[in-house]
Amino acid sequence: MTEQSRSPLRFRPLRVAGESIDRELDDVITDQFVVPFMAAMVAFAMAAMEWLRHFTDTKPSPWPLTVIAVCLALFAFIKYRGALKRIHSLRLGQLGERAVAQYLE
């Protein structure tokens, strides 16, 4: 390692107040909001295509994909309810950590 490429810091910097909660919030939002929402939207798009085929008198049936879409929507709704409670708790903890950090400064 050359002199110029080394970090000027001797020690690792301290964590920012609420950093771990920020990371957990991102994980909760991704896992319990984005993923179920996207799965439900894909299923509804597939169901819509099947319904279109149904109304134009083509052979495939829309019922299997409709059942999948409804199940995924229910799954997403259940995940959202749990995520909202968790996000609220995490935000309170985040605000608390930041308030303590400001007080200690």
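Note on the chain: with a GNM built from Cα contacts shorter than 10 Å, the maximum mean-square fluctuation among Val35, Val70, Val16 falls on Val16. Given their separation in residues at 0.36 nm each and the Cα-Cα distance between them, Met38 and Tyr80 gain 13.9 nm when the chain is fully extended.
For the chain, what does the alpha-carbon gyration tensor say about shape, rounded, prolate or oblate, given a ≥ b ≥ c as the root eigenvalues, a/c under 1.5 as rounded, and a/b over b/c as prolate? Present the calculation step by step, with values, prior to reporting the outcome.
On the way: a/c = 6.70, a/b = 2.29, b/c = 2.93.
Here the chain falls in the oblate category.
Charges only on Cβ, +1 for Lys and Arg, -1 for Asp and Glu: so what's the dipole of region 27-105 about the Cα centre, in debye to the nearest 20?
The calculation lands at about 180 debye.
Label-to-label distance for Asp57 and Asp27 is 5.6 nm, based on points extended 7 Å past Cα in the beta-carbon direction.
A prolate overall shape is assigned to region 39-101, the ratio a/c of its alpha-carbon gyration tensor axes (a ≥ b ≥ c) being 1.5 or greater and a/b exceeding b/c. Applying 1/(1 + (r/R0)^6) with r as the Cβ-Cβ distance of Met49 and Arg91 and R0 = 30 angstrom yields a FRET efficiency of 0.15.
Compared with the dominant Cα axis of the chain, that is its longest principal axis, helix 63-104 is turned about 10°. Rounded to the nearest 10 degrees, the angle from helix 19-29 to the longest Cα principal axis of the chain is 0 degrees.
Which residue fluctuates most in the GNM of the chain (Cα springs below 10 Å): Arg81, Arg15, Arg91? Of the options given, Arg15 has the highest mean-square fluctuation.
Values in this text are rule-based calculations from the coordinates and carry no lab data. Keep in mind that what you see is a predicted model, and the values were worked out from it rather than measured. No Cβ is skipped: glycine too gets one built from the backbone with ideal geometry, and neighbour counts run over all protein chains shown.
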